[in-house]
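Step one of this worksheet: look at the structure below.
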Amino acid sequence: MKKYLFFRVLRSILSIFLVTTLTYIVIYSMIPRRDVFKSDLMIQKLAATPDKLTDYKNNAYAKMNYLDYLDTKALIKDVEKANPKVTVTSAHTASNKAQFEKWAKKNNYELKRYKQSKDYYAIRELPLWERLGRFYGNMFQIDTPWAIHDKNNPHLARYLKIENDPTVGWALVGSGTKYRYQIYFNGSFPFIHQNFIHLNLGTSYPTYAGESVMDVIGGRQGPTVTVQKKFKNGQTLNTASDVYSRQYQYRTSKSDTASEQFGDDYSDTEQNLRDPSMIGTSFRAGLIALVISYVVSIPVAILMARKKGKWFDRGGTFVVTLLIAVPSLAFIYTFRYLGSALFGLPDSFPTLGANVASSWILPAVILGLLQVSGLIIWFRRFMIDQQKSDYVKFAKAKGLNEGEIYSKHIFKNASIPIVQGIPGSIIGLIGGATMTEEVFAMPGMGKMLPDSIIAHNNSIVIALVFIFTTVAVLSVLLGDLLMVIVDPRIKLSTSDSSKGEE
């Protein structure tokens, strides 16, 4: 079992790596990089100032790991750092040009000049393998007491300790770390939170320009909300600041309001937002949909199998076949209209917002019903196959009635493929969520994927592929583990029978 799990987890990691890498290679080698500016309004605004336009484009390419870019100021700094005995300026002299060319040749940079000012700048095209190396090398960022190096604060204390903080209660508190609270507890799921390890999947561009991809996907959304908090200076105030997100920010003045409240240099905070993140929105809707799909499918499939050949089975098969034939988009719009017209449910998620339960009903129900038809057909077929098994004939011979046979024998054996089908359902929900979230304008990951493809936001596309692949691979592993729990006779290992033979 342990050996199986080890190699299965290893294969899962390898699968995630291969799919993400293939997506990265396709996007960064086959799609022209100029396409990232197609929906960027800044390009038109800067068209009249060629130097600023060049600087803007190169900075964008650098953030997306297409190239390394040094503007004139940065170029001069690097040249002087490489040769402290030489003084270099932006003046257009032969001496400066020679120093720039010498440095560029040595460091594999291409020396160029701006159109208007004629000042020098340098770029280095990054080979694909180096881009991939940076992507995976910076994927996990670990916060330590040596993360902050501030020349304005040379005596910054460096430690990790558990203390009862007056603002957040018991927490693992850091100093010298980027985040003040490394591990903390609150009433939000999953109740135990950490800032020790952060997943870095790049910088978003052109949509959400300059923001971390994980802040875009994993950050909370919606309007700000205020909560009551007691601060270190003894004040109890209503604040919109998310005190759990406190990050290092050197106090230029001790009379600063935030610094006075917290009493240290960790005064930079994010805002408390009302709605869940894109990941949270998709996860919540998907989990409800998964429950709905199985709660509806299993009883209907069992009843159709028990009534095989009768009017309920024939009518159910007709309806299920019809629903399978209907395109998903038509299915979504039809049930969206019926839910709105008959029950008064909102037909758009933003109408009432994520804080109102009725906003979730139609998207989650539709997402679940999209899976029901296929699950019913599959469960029904399996139940009918089980009816022909020898153990069913033996149970009938013992005098058990049909209800006892189904509840004590057939359903018990049928639970194995039911559990085995959960991974496929999860994967199906991921695909279905793309259309459902788009139709209902839900701010989730499913809607984000087509939006990012249209906007050529490569970083978001790769991040979503990574997340979707991880969910799909781990769901398959979860299905295997659940099968062992349901039926202990199943062994998640292979043995060589020849070893025991003489």
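Pairs linking a residue in segment 188-207 that is among the acidic types (Asp, Glu) to a residue that is surrounded by 15 or more Cβ atoms within 10 Å (Cβ to Cβ), with Cβ atoms under 8 Å and 6 or more positions apart or on different chains, do not occur. Evaluating Ala240 against the criteria (1) closer than 14 Å to Asn272 by Cα; (2) open to solvent by 30 Å² or more (accessible area, probe 1.4 Å); (3) more than 13 Å from the chain's Cα centre (by Cα); (4) of a type outside the set (Val, Ile, Thr) leaves one unmet condition, (2).
Output the residues belonging to segment 443-471 that are within 15 Å of Met139 (Cα to Cα) and either of a type in the set (Val, Ile, Thr) or at pLDDT below 85 (or both). Listed by number, the residues that qualify are Ile460, Ile462, Val465, Ile467, Thr470. Please indicate, with yes or no, whether at least one residue in segment 261-274 is more than 30 Å from Phe231 (Cα to Cα) and either small (Gly, Ala, Ser) or in contact with a strand residue (DSSP E or B) (Cβ under 8 Å, 6 or more places away or on another chain) (or both). The answer is no, given that none of the residues of segment 261-274 is more than 30 Å from Phe231 (Cα to Cα) and either small (Gly, Ala, Ser) or in contact with a strand residue (DSSP E or B) (Cβ under 8 Å, 6 or more places away or on another chain) (or both).
With respect to the conditions (1) at pLDDT 95 or above; (2) open to solvent by less than 60 Å² (accessible area, probe 1.4 Å); (3) more than 30 Å from Ile454 (Cβ to Cβ), Ser90 lacks only one, and its number is (1).
For segment 43-50, the criterion of a residue being assigned to a helix (DSSP H, G or I), open to solvent by 20 Å² or more (accessible area, probe 1.4 Å), touching a Phe, Trp or Tyr at 6+ places or on another chain (Cβ under 6 Å) and over 30 Å from Val461 (Cβ atoms) is satisfied by no position.
The values are calculated or read from the model by the stated rules, or taken from the named source; none is laboratory data. Quick caveat: nothing in here was measured; it's all calculated off a predicted structure. Every residue, glycine among them, receives a Cβ derived from its backbone with ideal geometry; neighbour counts consider all protein chains shown. Accessible surface is based on the protein model in full, side chains and every heavy atom, while ligands, DNA and RNA are left aside. Shrake-Rupley method; radii C 1.70, N 1.55, O 1.52, S 1.80 Å.
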